[in-house]
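Pasting in a structure now, in structure tokens, and then I'll have a few things to ask.
Read the figures in this text as sums done on the coordinates, not as results from a lab. Keep in mind that this is a model prediction, so the values were computed, not measured. Please note: Cβ atoms are built from the backbone with ideal geometry, for glycine as well, and neighbour counts cover all protein chains shown.
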Amino acid sequence: MAVIRTILGDIEPSALGATNSHDHLIRVGGGEVLVDDDHNLNSVDKAVEEATYFVKAGGGAVIDMCPIYMGRDMDKLLEVNRRVPDLNIVAATGFHKGSLYMEQTFHWISKYSVEEIAGLIVADIEEGIDRYDYAGPIVDRSTARAGVIKAATGYGMITDFEKKQLEACAIAAIRTGASINTHTTTGTMGLEQARMLIGFGVNPEKIAIGHIQRNNDPWYHKKITELGCYVEYDGTYRIKYLPDSSRIMLIREMCDAGYQDRILLGTDSGKRSYQKAWGSGTGIDYDLTITGPRMTEEGFDPSVFEDLMVNNPARFFQLDR
């Protein structure tokens with residue numbers, strides 16, 4: 001039976017609701033915070049405020065894409081969910097891009113076998129996410145289980161360190177039935193990620209290639225969806241990269257090509273400067289408050305936004321047990 005695995009327990013896919021397919025509510029440390037403290041989302045009160053904006057806008061679920069050793073704090077995330085009970089939160093396991101794991105040669109990812117690493121991912125999904133985020137050596141599993149796997153690569157290449165992570169993620173996905181939602185750096189290596197994961201045996205329908213809107217090339221996106229994979233258009237209101245019009249045009253062209261059922265939306269508001277609760281002008285409710293009304297104004301059939309926000313996530317994030 002297929003379910004959605006939230007941090008409070010399994011639910012029916014039909015109960016997921018309008019879904020932000022890639023975002024961040026809590027992050028208390030890790031490589032991204034070390035690089036830029038703007039990523040430090042360590043306040044439960046702020047996360048509750050941000051999540052409440054989303055729920056009030058009609059949101060039903062947030063996929064919190066903070067992976068292993070990147071500042072996961074399940075006690076804080078569980079507290080957010082208890083205070084915003086109308087929100088479904090799905091937590092991630094898996095990995096970020098290699099450059100964010102400092103001193104790679106000495107990291108346990110380099111020392112453990114692929115099978116051992118896959119076992120840790122599987123345990124996050126089936127037993128509970130480690131309260132210490134695998135910072136070790138003690139493991140203390142929380143009641144919150146992961147419901148999605150993150151895999152990631154850097155700009156323009158896949159390193160051996162990252163290939164090892166991807167293989168472990170693939171093994172875990174096959175064993176648990178969980179989907180893999182990826183990070184691409186500036187939209188590069190997305191097609192390569194998809195081909196590699198499929199080569200490891202992952203069902204393409206369980207793969208979503210994230211941040212791919214930054215590579216504003218519909219041909220490239222169609223090559224990914226032709227494989228059977230999903231594309232995820234997250235990163236809203238990132239004018240420093242591309243205007244939102246580019247995201248709308250991608251959605252239109254991909255829908256016209258027949259891939260309306262292979263698109264996910266998210267905001268990836270993983271910085272303080274991207275969230276209303278921390279003073280930003282936009283937040284994790286952007287797709288519900290801005291993108292949806294804009295698509296209506298620009299002539300999209302209502303079924304498109306319904307698919308991208310509700311039907312596609314309910315299908316993609318199913319954990320096939």
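If R₀ is 30 angstrom, what is the calculated FRET efficiency for the pair Ala2 and Ile239, using the beta carbon separation as r and rounding to 0.05?
Working: r = 38 Å, r/R0 = 1.28.
Efficiency, from the Cβ-Cβ distance: 0.20.
With a ≥ b ≥ c taken as the square roots of the eigenvalues of the C-alpha gyration tensor of the stretch 1-54, please select rounded if a/c is under 1.5 and otherwise prolate if a/b is larger than b/c or oblate if it is not?
On the way: a/c = 2.75, a/b = 1.97, b/c = 1.40.
Prolate.
If R0 is 51 Å, what FRET efficiency do you get for Asp301 and Lys163 from their C-beta distance, rounded to 0.05? Could the numbers behind the result be given before it?
Working: r = 41 Å, r/R0 = 0.80.
Plugging the Cβ-Cβ distance into 1/(1 + (r/R0)^6) gives 0.80.
Quick query: amide H of Ser179 versus all other amide H atoms, modeled in the peptide plane; which residues come in under 5 Å with a sequence gap of 5 or more or a different chain?
So Ser179 has HN proximity to Ile149.
Stretched out fully, how many nm does the piece from Lys56 to Ser110 gain, at 0.36 nm a residue minus the Cα gap?
Taking 0.36 nm per residue and subtracting the Cα distance, the gain is 15.1 nm.
Whole Å is fine, so just give me how far the alpha carbon centre of the stretch 197-214 lies from that of the stretch 3-21.
Each part reduced to its Cα centre gives a spacing of 20 Å.
With the cut-off at 21 Å, tell me which of the pairs Lys240/Lys271; Lys164/Lys206; Lys206/Lys276; Lys206/Lys240; Lys111/Lys164; Lys46/Lys271 have Cα atoms farther apart than that. Please report the intermediate quantities before stating the final value.
Details: Lys240/Lys271 15 Å; Lys164/Lys206 19 Å; Lys206/Lys276 32 Å; Lys206/Lys240 31 Å; Lys111/Lys164 11 Å; Lys46/Lys271 12 Å.
As for pairs spanning more than 21 Å Cα to Cα, those are Lys206/Lys276; Lys206/Lys240.
Here is a further query. Under the definition of Cα pairs under 8 Å and six or more residues apart, what whole-number percent is the relative contact order of the chain? Mind dumping the intermediate values first?
Details: 682 pairs, mean separation 69.1, N = 321.
Relative CO of the chain lands at 22 percent.
How much FRET efficiency would the formula 1/(1 + (r/R0)^6) give for Lys223 and Ile174, where r is the Cβ-Cβ distance and R0 is 25 Å, rounded to 0.05?
Numbers: r = 23 Å, r/R0 = 0.94.
Calculated value: 0.60.
Over the stretch 242-307, what is the relative contact order in whole percent, taking alpha-carbon pairs under 8 Å and six or more residues apart?
On the way: 38 pairs, mean separation 14.6, N = 66.
Dividing the mean separation by the residue count of the stretch 242-307 yields 22 percent.
Would you mind computing Rg(Cα) / (2.2 N^0.38 Å) for the chain, counting N as its residues?
Working: Rg = 17.8 Å, N = 321, 2.2 N^0.38 = 19.7 Å.
For the chain, the normalised Cα radius of gyration is 0.90.
Which chymotrypsin sites (Phe, Trp or Tyr not before Pro) from the stretch 204-285 combine a DSSP loop assignment with at most 16 other Cβ atoms within 10 Å? List each step's numbers first, then the result.
Numbers: sites: Trp219, Tyr220, Tyr230, Tyr233, Tyr237, Tyr241, Tyr259, Tyr274, Trp278; in loops: Tyr237, Tyr241, Tyr259.
Answer in residue order: Tyr241.
Here is a further query. Taking square-rooted eigenvalues a ≥ b ≥ c of the alpha carbon gyration tensor, is the stretch 1-134 rounded, prolate or oblate, where a/c under 1.5 means rounded and, failing that, a/b exceeding b/c means prolate?
Numbers: a/c = 2.36, a/b = 1.41, b/c = 1.67.
Because a/c hits 1.5 or more and a/b fails to exceed b/c, the stretch 1-134 counts as oblate.
For the stretch 89-102, take each phi angle, set θ = phi - 60°, evaluate the Karplus expression 6.51 cos²θ - 1.76 cosθ + 1.60, and give the result in whole Hz per residue in order, putting x for glycine and proline.
Running phi through 6.51 cos²θ - 1.76 cosθ + 1.60 with θ = phi - 60° gives 10, 10, 9, 9, 10, x, 9, 9, 5, x, 5, 8, 9, 5 Hz.
Ok, one more. Loop only by DSSP, 15 or fewer other Cβ within 10 Å of the Cβ. Give me the chymotrypsin sites (Phe, Trp or Tyr not before Pro) in the stretch 95-149 that pass, ordered by residue number. Display every interim value, and only then the final one.
Working: sites: Phe95, Tyr101, Phe106, Trp108, Tyr112, Tyr132, Tyr134; in loops: Phe95, Tyr101, Tyr112, Tyr132, Tyr134.
When the chymotrypsin sites (Phe, Trp or Tyr not before Pro) of the stretch 95-149 are filtered for loop state and at most 15 Cβ neighbours within 10 Å, Tyr112 remain.
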